[in-house]
Amino acid sequence: MPNGNGTQTKPVVSKLQRQMNFNKLTTKFIDTYPSITLSENAKHKFDLDDVDLTSRVLLIVEGTFDAIHASSTSYTAARHAPYSLFNKINVKFNSNQVPYDISGKSAYLMKLTERNPSVWTPNSTSTTRTANILTLVADTDGGGNENQTCKFVIDLGFMLNERDVNGILLTQDKQTNVTISLETDDVLTAILGDASGFTTDNVSFSVTPVVERFSIPRDEDALPNIMQMKEVTDDIYTLSTVGENEMVIETGGIFRRIWLDFYDSTDAHTDAEMTRLKVKINKSSTLIDIPSRALMIKNQILYGSALPAGCYCLDFASQGLPNYGGERDWIDTDSISRFTINPTITSACSCRCTVERLRTLT
């Protein structure tokens, strides 16, 4: 196309055309990294290889341990166990960009709002062929003969979904290192919930990273937008007021999903202890005002299964199919000064708030 100077101006490539070009001109690879031995109450790290475009890291966790008790033959697992074994899951560039900074509990709740949420609920029978297993039988003879089987998966997806490549990480840049850090709790607390009279022994855990990546297309019209990063973080809010509370959420970026996990010192907040939820912009504008039961029902309809007690999702990224909606309902907070979530409760509690947003890198 000629411009005013008589030279040719390259036509602008649409998002859809760029996506189609990428699909035609790239190749998907799957790598398995060496397994890492996990210790309790410790921090573990590994770096992503400096190659290609990285789209996802699956952390396949496998372990055994003895749950020892003088007389009990079973225990009630801690809330969100065994994902609660990880106090912190962090993905960080050496440039201080952080795609993920969450707990294992948040990683679990997020997957319950995808397709096939039942995949992520642990099965208590170790002989079952399934991704997530947590056996619940105690060793009453103290001899260490009844190992508990524990297997689960943490899914760190960097793209928005399998279709939309926004957020994919450029890991081929030799000047850029991407480090994944895992901070563990102890098994007695994180998995057994400090069950009375129990001790643990013979704890043995490992994690095997499985990394998905795509080759970098040579045609620049097929390159994805690497200047947009998906950022997922969580924070804990203390809600002490019976009635309406206010949780001030840091503005900046485009919000796609917000997960809310209400709990007290012993267990999940019950449905009776949570009555209403509001989302407000700039104090005066109420974007959402919904009874908590109605939000629970909307979540169940969308995901095909009820979320755990005390858990809700404010989903701006789904239009009939989880995580595959367009930009219609996303909330751009770069242009607002204040963003709050206001839950109405009948009993004091805490709330783990997990936020997924798109950030434009500078």
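The values are calculated or read from the model by the stated rules, or taken from the named source; none is laboratory data. Please read these numbers as outputs of a predicted model, since none were measured by experiment. So basically every Cβ, Gly included, is an ideal-geometry build from the backbone, and we count neighbours across all protein chains shown.
Things worth noting here:
- Matching residues in the stretch 231-275 - criterion: being more than 30 Å from Phe93 (Cβ to Cβ) and either without any contact (Cβ under 8 Å) to a residue 60 or more places away in the chain or touching a helix residue (DSSP H, G or I) at 6+ places or on another chain (Cβ under 9 Å) (or both): Phe262, Asp264, Ser265, Thr266, Thr270, Asp271, Met274, Thr275
- Residue in the stretch 254-263 that is in the same structural domain as Ser347 (by TED's automatic domain parsing) and modelled with pLDDT under 95 present: no
- Qualifying positions in the stretch 73-109 - among the charged types (D, E, K, R) and in contact with a Ser or Thr (Cβ under 8 Å, 6 or more places away or on another chain): Lys88, Lys92, Asp101, Lys105
- Counting only strands (runs of 3 or more DSSP E) that sit completely within the stretch 267-335, those holding 2 or more residues that are under 25 Å from Trp120 (Cβ atoms) and in the same structural domain as Met247 (by TED's automatic domain parsing) correspond to 274-281, 311-315.
- There is at least one residue in the stretch 157-164 that is over 20 Å from Asp66 (Cβ atoms), touching a strand residue (DSSP E or B) at 6+ places or on another chain (Cβ under 6 Å) and not in a strand (DSSP E or B).
- Residue check for Asp219: of a type in the set (Asp, Glu), out of contact with any helix residue (DSSP H, G or I) (no Cβ under 7 Å at 6 or more places or on another chain) and more than 19 Å from Asp267 (Cα to Cα): no
- Wholly enclosed strands (runs of 3 or more DSSP E) of the stretch 1-92 bearing at least 3 residues under 30 Å from Thr266 (Cβ atoms) and in the same structural domain as Gly167 (by TED's automatic domain parsing): 53-68
- Screening the candidates Val210, Val279 for the property of being surrounded by fewer than 19 Cβ atoms within 10 Å (Cβ to Cβ), of a type in the set (A, V, I, L, M, F, W, C) and in contact (Cβ under 8 Å) with a residue 24 or more places away in the chain yields one hit, Val210.
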